[in-house]
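**Student:** Take this structure first; my questions come after.
Here, each number is a calculation from the coordinates, and none is a lab measurement. Small disclaimer: the values here were computed from a predicted structure and weren't measured. Neighbour counts are summed over all protein chains in view; Cβ atoms, including those assigned to glycine, are modelled from backbone coordinates with ideal geometry.
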Amino acid sequence: MLLLVVCLFAFAGPPLALPLGMEKKTAQKFVAAARETLGLSYVFGGRLRNGVDGIDCQGLVFYAAERICPCGWKSYSTQPTVSVARAELGRRVAGLDPVDSENLDLSLLMPGDVIMEVGAMENPAEPAIGKLNGKPVWVWHVGIYSGDGNWLNANPFAGQVVEESLSNYLAEHRIDGIFVTRMRKRPHPTRCRRHRPMLLNP
């Protein structure tokens, strides 16, 4: 499997029932904010410092989160097992926590869902996010589901932020599966830090 140490994001309960999702206007704003970064260069650790250093997969999610929540991007943990345990970017969704790529039912996803790519390659920096087919898996990439089978992600293979078919991405890069969290209203960091936000044109 082609896996890069792209960025990291884990589990907490209880899982959300599938019908629940973000308020439509909030989800639209979250996705629209992520689309503002389309075409930006992928840079590991990128947080749009000075508006020119590019962005990585977590940076994309944090950028969008700043547009629907008054808390700055430094409010969120960069470790999946911490972020999800705190439900910072939503609660895990039953049936998608995780699910293998071959059995993914796209109809269970909703715009605004945070999608984490998981694989069997171990990340020694934190515990596994869960088990897939009885084997532990770790998070290696993250993005936002935008609807109609597509997701937005700072794609290290493409070298930039793209909106593309989720199924095609998973198949092309032989990704084991995904883990999904869903917000009800907006992000909910444990500690809200106020600081200069990420800006496209500072």
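**Student:** Which of 29/135; 74/185; 24/131 have a Cα-Cα distance over 28 Å?
**Tutor:** As for pairs spanning more than 28 Å Cα to Cα, those are 29/135; 24/131.
**Student:** Give me 53, 148, 113 sorted ascending by neighbouring Cβ count inside 10 Å, so fewest comes first.
**Tutor:** 148, 53, 113
**Student:** Listing 170, 152 from the residue with the fewest other Cβ atoms within 10 Å to the one with the most, what is the order?
**Tutor:** Lowest to highest Cβ neighbour count: 170, 152.
**Student:** In the chain, if every C-alpha pair distance is counted and binned at 10 Å from zero, what percent goes to each bin?
**Tutor:** Using 10 Å bins, I get a P(r) of 10, 40, 40, 10, 0 for the chain.
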